[in-house]
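Let me begin by presenting the structure, written as structure tokens, before commenting on it.
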Amino acid sequence: MGNRGVLLNVVDIHSHILPEVDDGSKSWEISVAMCRMAANDGITHQVATPHANDRYHYDRLYLQGLVEQLQSLIGSAPALSLGCDFHLSYENLQNVLANPARYAIGNTHYMLVELSNYSVPPKTSDCFTQLGDRGITAILTHPERNPILRENLQRVLEWAEQGCVIQLTGSALTGFWGDRARRAALWLLEHDAVHVLATDAHETEKRIPILSTAREAAAKVCGEDVAEALVMGNPRAIINNQKLPYFPRPKIARDYRKISN
């Protein structure tokens, strides 16, 4: 289905490329460099997803203006759109239920959802149900990096079964986030509970906008066709507000073991 190395038409649905709005890019120069790096890696569409949490206010109109300004600086490649790294809290949940389009990726019904590293509410499944009732499909971001979820990855399988899209950080598969995150990522891949790989890029030195190496690592676990679905078919369906072409039923975790911290 494709050759190893850099692919074209890769879509990155999670990146912090907008300057000076959160803990991502610190300048326009860095933002432009991140986009150039992404384009050189074959990424043709990148979603800017600034944080929306207690620390960082999410002003959709202002941020859309930054996306347009950045696009004017880099030209047509990669194409940019706006989303949100949505922190699941009670206040945020009430906001999104009242205005579902505010935090979504572009004009789609998909929205990134990040869970706290310190507390995952028992009723998280109910929150996903409430979002679904408002027409929002939650994309759970980087569960492999969440120390609480690593204690019970079975929950992630259950959310995938519920209809949540599961997004891994690509660099977790290459060991950047440490052995525990890598083992958790591999376990989720092996149990068919991963639908998208994304960069969660923040800068150009360490947390970089590169997906080719992650795609190659995934291919060793689940094959070329699935690996390419995780960086091409599925994320492109998301930005086009379409049903994901690859959405298998998660395998029952008879061999579950917690990835201790």
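So what J values fall out for segment 145-151 if you push phi through Karplus, 6.51 cos²θ - 1.76 cosθ + 1.60 with θ = phi - 60°, rounded to Hz, Gly and Pro as x?
After applying 6.51 cos²θ - 1.76 cosθ + 1.60, I find 9, 8, x, 6, 5, 5, 6 Hz.
Where does segment 206-254 land on Rg(C-alpha)/(2.2 N^0.38 Å)?
Output field value: 1.30.
Name the trypsin sites (Lys or Arg not before Pro) in segment 28-79 that are in a loop by DSSP and that have at most 16 other C-beta atoms within 10 Å, would you? Before the final figure, lay out each step's value.
On the way: sites: R36, R55, R60; in loops: R55.
Listed in order of number, the matching sites are R55.
Which cross-chain or sequence-distant (5 or more) residues have an amide H under 5 Å from the amide H of H14, H modelled 1.01 Å from N in plane?
Those qualifying (amide H under 5 Å, at least 5 residues apart or on another chain) are V47, T199, D200.
Treat segment 1-137 as a sphere of radius equal to its Kirkwood radius over Cα pairs and apply Stokes-Einstein at 20 °C in a medium of 1.002 mPa s; give the translational diffusion coefficient in µm²/s, rounded to a whole number.
D = 135 µm²/s.
Considering only N240, P143, S89, whose Cα is most displaced toward the positive end of the charge dipole of the chain, charges sitting on Cβ of Lys, Arg (+1) and Asp, Glu (-1)?
P143
Can you give the helix-only mean residue ellipticity at 222 nm for the chain, where every DSSP H stretch with n ≥ 4 adds -39500 (n - 2.57) and the sum goes over all residues, rounded to the nearest 500 deg cm²/dmol?
-10000 deg cm²/dmol
Where does segment 10-239 land on Rg/Rh, using Cα atoms and the Kirkwood Rh?
Rg/Rh: 0.94.
Based on the mean of other beta carbon atoms within 10 Å per residue, what is the order of 234-247, 165-178, most packed first?
Values: 234-247: 18.1, 165-178: 22.4.
Result, highest mean Cβ count within 10 Å first: 165-178, 234-247.
Quick note: the coordinates plus some simple rules give every number you see, no bench work behind them. All figures in this text were calculated on a predicted structure; none of them were measured in a lab. Because the Cβ atoms are built from the backbone with ideal geometry, glycine has one as well, and the counts that use them run over all protein chains shown.
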